Amino acid sequence: MGVALGAHYALVRPERIGLNYRVYDAAARAVLAGGDFYAATPDSGLRYLYPPVTVLAFVPLAALGPWPVGYAAVTLASIGASAVTAALLVRYVESLGYTVPLSERLLLGAYVLASVHAVPSLAYGQVNHLLVAAFVAGLVWLVRDREWRAGAALAVPALVKVFPAAVGLWLLRRRAWRTIGAAVGTAVALTLAGLAAFGPATYRRYVLDVLLPRRDGAAFAGGLDPTVSYVTLRRPLSVLFSTADPTWFAVGAAALLAPVLAALYWRPTGVTDRLVALYGTLTAMLLFFPSLLLYYVYLTFPLVPLLYHLPRGWGRRLFVGGTLVATLSLSFRSVRPLLGLFLNAGRADAVAAALRPVFSLGTPVLYGCLLTLVGCLVYRVETDGLSIPVAAGNDSPTDA
């Protein structure tokens, strides 16, 4: 599916190639010219949305030549980062006692680089592959109790994308104070570097004009349009309670997710319990914020280890089923063109109309994520009321 999507971009929608990188390039060139990089927009009309310090990473690429040069460099870096991510996943899965043959290593590498969730970032020139590598490294170091490294690595995606900072909930639950301290220290150091380079006025503009509007509350007023590709519990709430103030949709999403996290956080007694709790944290992060479909890649760890390590039972069945459903990375905007490939116009219109209520309440990624959370809860119930330890030979804390 990822390869098919990549071919679609290349052959049908070539204007999407480098879509995000052209924004980074325009911002970097504005810096070189002494201009306002938050006002710089390429032909797409998009603008730079990351903290001021991050634009410094793109300035050397802009100095190399036209934007395709920098885009090629970011693509190569993304391929390298994906190889690192896959290697970290393989090593961690093997540490749990599994043999990962070459065929599975290649599949894991292909999944990280070119799954249906990863290909958009690769095509757009997004930095998600690089940030996911840092995120996975930080989480692997966290479960291995290398807290200082973990905190520094986790701070980078949290600073750039903001929403990954929600992993702090699990850090607090684990009382990983050194990780928290390292993450905060890294974020502060990078922010001070940005202040030194651009001054407080630029940061003020970032917070007021860029960061706060990204909450996009107006999009949920009266019910989120089914063609908007957000993955969030605010979508069904906005449809079911369309007359409510959009602020309440965030409150409602938090209220629905809090009991799930509380159950998964209750007395984790082994490696699998902790992986499940971490997965619940990251999925709740995805479902609380107005996340894009391509942000599903931030679940890569512990999603992949859990596909190996969850014990047989209904919890595993639901988790695997939910993962398969989430692979259908579609919004309603894509449904009618996709149906048109297999059905005549009349039937395609009829099926699309029938599917509209389903996509109004959620996308397959949302439904899949919810199903995996149910699987996590069922797994904990299957281990005797969310608290019984698993035999040390199967799930020893020393395995991780």
Residue count for the stretch 1-56, restricted to those that are assigned to a helix (DSSP H, G or I) and under 30 Å from Ala326 (Cβ atoms)
20
Consider Ala134 against the criteria (1) touching a Pro at 6+ places or on another chain (Cβ under 9 Å); (2) touching a residue at least 60 places away in the same chain (Cβ under 8 Å); (3) open to solvent by 20 Å² or more (accessible area, probe 1.4 Å): it satisfies all of them except one. Which criterion is unmet?
(2)
Say whether the condition of being at pLDDT 95 or above, in contact with a helix residue (DSSP H, G or I) (Cβ under 9 Å, 6 or more places away or on another chain), of a type in the set (D, E, K, R) and assigned by the TED database to the domain that holds Val271 is met by at least one residue in the stretch 319-341.
no
Residues that are of a type outside the set (Gly, Ala, Ser), outside the structural domain of Tyr298 (by the TED database), loosely packed, with under 14 Cβ neighbours inside 10 Å and in a loop (DSSP other than H, G, I, E, B): does the stretch 99-111 have at least one?
yes
Of (1) within 27 Å of Leu377 (Cβ to Cβ); (2) under 21 Å from the mean Cα position of the chain (by Cα); (3) surrounded by 15 or more Cβ atoms within 10 Å (Cβ to Cβ), Ala258 satisfies every one except (3)
Top-ranked residue of the stretch 115-144 - restricted to ones that are part of a loop (DSSP other than H, G, I, E, B) and farther than 16 Å from Val90 by Cα, ranked as farthest from the chain's Cα centre (by Cα):
Gly125
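Here is a yes/no grid of residues against (1) open to solvent by less than 10 Å² (accessible area, probe 1.4 Å); (2) under 19 Å from the mean Cα position of the chain (by Cα):
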site: Gly70; (1), (2): yes, no
site: Ile79; (1), (2): no, yes
site: Leu113; (1), (2): no, yes
site: Arg146; (1), (2): no, no
Any residue that is open to solvent by 50 Å² or more (accessible area, probe 1.4 Å), modelled with pLDDT of 95 or more and over 19 Å from Arg214 (Cβ atoms) - is there at least one of those in the stretch 15-25?
no
Number of the exception - Asp273 against (1) of a type outside the set (A, V, I, L, M, F, W, C); (2) assigned to a helix (DSSP H, G or I); (3) free of Cβ contacts under 8 Å to residues at least 40 places away in the same chain; (4) touching a helix residue (DSSP H, G or I) at 6+ places or on another chain (Cβ under 9 Å):
(3)
Only one of Ala176, Ala221 is open to solvent by less than 30 Å² (accessible area, probe 1.4 Å), among the hydrophobic types (A, V, I, L, M, F, W, C) and more than 20 Å from the chain's Cα centre (by Cα), namely Ala176
In the stretch 40-57, which residue that is under 11 Å from Arg22 (Cβ atoms) and among the hydrophobic types (A, V, I, L, M, F, W, C) is nearest to the chain's Cα centre (by Cα)?
Leu46
Do we have any residue at all in the stretch 155-168 that's more than 28 Å from Arg234 (Cβ to Cβ) and either open to solvent by 10 Å² or more (accessible area, probe 1.4 Å) or of a type in the set (A, V, I, L, M) (or both)?
no
Surrounded by fewer than 21 Cβ atoms within 10 Å (Cβ to Cβ) and of a type in the set (Ser, Thr, Tyr): which single residue out of Thr243, Thr272, Thr281 fits that description?
Thr243
From the options Arg205, Arg234, residue that is farther than 30 Å from Arg144 by Cβ and in the same structural domain as Asn128 (by the TED database):
Arg205
Some residue of the stretch 83-95 being more than 27 Å from Gly138 (Cβ to Cβ), open to solvent by 20 Å² or more (accessible area, probe 1.4 Å) and in the same structural domain as Pro200 (by the TED database)
no
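The values are calculated or read from the model by the stated rules, or taken from the named source; none is laboratory data. None of these values were measured; they are calculated from a predicted model. Backbone-built Cβ (ideal geometry, glycine too); neighbour counts: all protein chains shown. Note: accessible area is taken over every heavy atom of the protein model, side chains too, but ligands, DNA and RNA are not part of it. Shrake-Rupley method; radii C 1.70, N 1.55, O 1.52, S 1.80 Å.
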